[in-house]
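Here's the structure we're looking at; comments come further down.
The values are calculated or read from the model by the stated rules, or taken from the named source; none is laboratory data. Predicted, not measured: the structure shown is a model, and the values here were computed from it. Here the Cβ positions follow ideal geometry from the backbone for every residue, glycine too, while neighbour counts run over all protein chains shown.
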Amino acid sequence: MKDLPRKAINMSKNFQHLVSTAVPIAIENIDTDQIIPARFLKATTRDGFGENLFRDWRFESNNEPKKDFVLNNPIYKGEILVGGKNFGCGSSREHAAWAIGDYGFKVVISSFFADIFKNNALNNFILPIQVTDEFLDKIFSAIEKDPATQLEVDLEKQSLKITASGEEAHFDINPYKKACLINGYDDIDYLLSLRKEIETYEAGREFNF
Amino acid sequence: MGKTLFDKIWDSHVVVSQAGFPDAVYINTHFIHEVTSPQAFDGLRKRGIPVFRTAKTRATADHNVPTIDQHLPIKEALSRKQVEMLTTNTSEFGVELYGLGHPYQGIVHVIGPELGITLPGMTIVCGDSHTSTHGAFGAIAFGIGTSEVEQVLATQCILQYRPKRMKIEVNGKLKKGVVSKDIILYIISKISASGATGYFVEYAGEAIRSLSMEARMTICNMSIEMGARGGLIAPDATTFEYIKGREFAPKGADWDKALAYWETLYTDTDANFDVVLTFDAADIEPMITYGTNPGMGIGVTQHIPSLDSLDEKEKPSFKKSLEYMGLEAGSELLGKKVDYVFIGSCTNSRIEDLRMVADFVKGKKKADDVVVWIVPGSKQVEAQAKKEGIDKIFEEAGFNLRQPGCSACLGMNEDKVPAGMYCISTSNRNFEGRQGPNARTFLASPLSAAAAAITGKVTDVRELV
């Protein structure tokens, strides 16, 4: 078994433990066009997307903040975003993960994630935590009752706790991605370490397509 | 135990498989475009590494490009910069670019197949979720994020866990006026926008088998709209006939060798799927969406679901969606006025789509107050349409045949539907703001869209064919 490479491009981004209040958006099927609309995909760097996170839910067309949207309500803050089922569906734009990270979220909780979004989040050291529908409901109602509700994420133990009630849920994450998050590794480091295996594979292929 | 088609292709592309790690999967073709690649090229620069296999990488400009006056510089500064950056990056890293003005330029998922780059048995990725389109050839094709684009540029491999396998069978024959777009909108309406998340889908059954390659691409294209990682269809005589003779397809002895291999690409009769779903083509009527995700679709004569028919938990999202659309629960869409008609996108902008629309509208005129945009998928589709006189038919009908690009599917260029307006669109997403801020989208087939262009309202195309 090959070891993970020790070199870590994003070491500063490693992640293990987080205690934070959370921002709830109890809407299902939040697609990446809502997270970051296409007209903001014209940037050529990874920075600054947080400004336009949920742009059209957050701002009127005259750029006035929409008062009833949760990100404009100072009661709700924190480094955890909680979304309804099938979070991050639609376009593969990694800009959605960049916007969420740039805004300051480190964790997204939902009862179901779209595959591409989940990969994109992990590749940006944002932890997607999938919980049951029931536990998601518990989180939404705890925050509804008390917006200062704290959630505790322990990546090593793969546990998510609602601090006040002590209710706890275990979450799954594949061991490779867990190691990447904890240690700040990224996939390219690992793939680059496989150069020899890749060349051997190519040499053995019957077709050159 | 036999293997599924998916597993046959996946297994033959695994470079390294280690317990606890995702598989390192070799990629045969990597398509790139201007929107999701700049940060990936930057990553290579920061690491000081080249594109590992330039010959397996092809680029085109599609998302941002204007669809009129393509010979002029792009007016919008940010779009121009992004397209220029693709030119700079591909030239610096030695990647072939079919940029604006190139005879092969077009929507990335239209040009791959038409150039014979997309072939059965391949693994194909692109920083675009509709990469699933290429699965119609019996390839494993899926969309990736920009970090993954960088991985593939750097190593020609991607790290992926093997998804689960789902088979969707559509048996029987389609009724008149019902086309492949209706099949896929129907399936998504039945299983929801997340019904296939975590799965790779194989489409099978008589109704799928009898489709042309272009119609199969429409089906595979929208696999992502039910959450699937991708969708594929086993190659057959229809596939081979489509590929033969295309620009980059194998020729001569290479063709014979490739064909012998492609003929082994099918799911063994004793292979297992994690899930099998079966539908009857005869149950499908022309489809239309009423909401803000592609799973919110109904037959054109049906009513929007009433609130009573929904789970308590679904109601807030449903209400938000209908409020955005300006529609009432329980009402019908038939007869609803439309303002815009968009025929285009990687879902429905190929030559057969344009022929289907042209056949239908020949001798008819569009309704006065409807704007009709027809955007071909590629320069080659545009040229072919002109060669066949399709452009003249459109002109006589009052339609506007534009130049190729993604256009109003996502409104990254100027082709935006104004706020509050209704657009019947052959594209793939009806998300809020997808076609422009506060624009309202009805997804439908090219035939249904053409019918609405003529009548100015949501129409049951079966009454007109």
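Annotations
- Of all residues in the range A:86-96, those that are facing another protein chain (nearest Cβ under 7 Å) and either modelled with pLDDT under 95 or over 16 Å from B:GLY433 (Cα atoms) (or both) total 3.
- Enumeration of residues in the range B:139-193 that are closer than 24 Å to B:GLU214 by Cβ, among the basic types (Lys, Arg) and more than 22 Å from the chain's Cα centre (by Cα): B:LYS173, B:LYS175, B:LYS176
- Once the range B:437-456 is narrowed to residues that are within 14 Å of chain A (Cβ to nearest Cβ) and within 19 Å of the chain's Cα centre (by Cα), the residue that is surrounded by the most Cβ atoms within 10 Å (Cβ to Cβ) is B:LEU443.
- Taken together, B:PRO305, B:PRO286 contain a single residue that is within 25 Å of the chain's Cα centre (by Cα) and either over 30 Å from B:PRO103 (Cβ atoms) or crowded, with 21+ Cβ neighbours inside 10 Å (or both), which is B:PRO286.
- Consider the range A:147-182 and keep the residues that are of a type in the set (Lys, Arg) and not in a strand (DSSP E or B). The one that is nearest to the other protein chains (Cβ to nearest Cβ) is A:LYS177.
- Residues that are buried (at least 18 other Cβ atoms within 10 Å of the Cβ) and under 16 Å from B:ALA55 (Cβ atoms), drawn from the range A:187-200: A:ILE198
- Residue within the range A:183-203 that is away from chain B (no Cβ under 12 Å) and part of a loop (DSSP other than H, G, I, E, B) present: yes
- Residues in the range A:44-70 that are without any contact (Cβ under 8 Å) to a residue 12 or more places away in the chain and surrounded by 15 or more Cβ atoms within 10 Å (Cβ to Cβ) were compared, and the one that is nearest to the other protein chains (Cβ to nearest Cβ) is A:THR44.
- Single residue of the range B:383-412 satisfying the filter (within 14 Å of chain A (Cβ to nearest Cβ) and part of a helix (DSSP H, G or I)) that is nearest to B:ALA61 (Cα to Cα): B:SER407
- Test for B:PRO294: is it touching a strand residue (DSSP E or B) at 6+ places or on another chain (Cβ under 8 Å), at pLDDT 95 or above and not small (Gly, Ala, Ser): yes
- When the helices (runs of 4 or more DSSP H) confined to the range B:145-233 are screened for residues that are closer than 30 Å to A:SER193 by Cβ and at the interface with another protein chain (Cβ under 9 Å from one of its Cβ atoms), those reaching at least 3 such residues are found at B:146-155.
- Index of the failed condition, B:VAL83 passing every other in (1) hydrophobic (A, V, I, L, M, F, W, C); (2) part of a helix (DSSP H, G or I); (3) surrounded by fewer than 21 Cβ atoms within 10 Å (Cβ to Cβ); (4) more than 9 Å from every other protein chain (Cβ to nearest Cβ): (3)
- Checked against the criteria, B:THR267 does not count as in contact (Cβ under 8 Å) with a residue 40 or more places away in the chain and buried (at least 24 other Cβ atoms within 10 Å of the Cβ).
- Taken over the range A:129-153, the criterion of being of a type outside the set (S, T, N, Q), in contact with a Phe, Trp or Tyr (Cβ under 8 Å, 6 or more places away or on another chain) and under 15 Å from A:HIS170 (Cβ atoms) is satisfied by A:ILE129, A:VAL131.
- Criterion: of a type in the set (D, E, K, R) and buried (at least 20 other Cβ atoms within 10 Å of the Cβ) - qualifying residue of A:ASP146, A:ASP137, A:ASP115, A:ASP102: A:ASP115
- Among the criteria (1) farther than 17 Å from B:PHE248 by Cα; (2) in contact with a Gly (Cβ under 8 Å, 6 or more places away or on another chain); (3) within 13 Å of chain A (Cβ to nearest Cβ), the one B:ARG47 does not fulfil is (2).
- Of all the listed residues (B:ILE74, B:ILE68, B:ILE32, B:ILE49), the sole one being out of contact with any His (no Cβ under 6 Å at 6 or more places or on another chain), surrounded by 21 or more Cβ atoms within 10 Å (Cβ to Cβ), more than 17 Å from A:THR45 (Cα to Cα) and not acidic (Asp, Glu) is B:ILE74.
For every residue, the table says whether it meets (1) among the hydroxyl-bearing types (Ser, Thr, Tyr); (2) at pLDDT below 95; (3) more than 19 Å from B:GLU352 (Cβ to Cβ); (4) surrounded by fewer than 24 Cβ atoms within 10 Å (Cβ to Cβ).
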residue	(1), (2), (3), (4)
B:ASP369	no, no, yes, yes
B:LYS387	no, no, no, yes
B:ASN400	no, yes, yes, yes
B:LEU410	no, no, yes, no
B:LYS416	no, no, yes, yes
B:SER427	yes, no, no, no
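- There is at least one residue in the range B:120-138 that is away from chain A (no Cβ under 14 Å) and in contact (Cβ under 8 Å) with a residue 40 or more places away in the chain.
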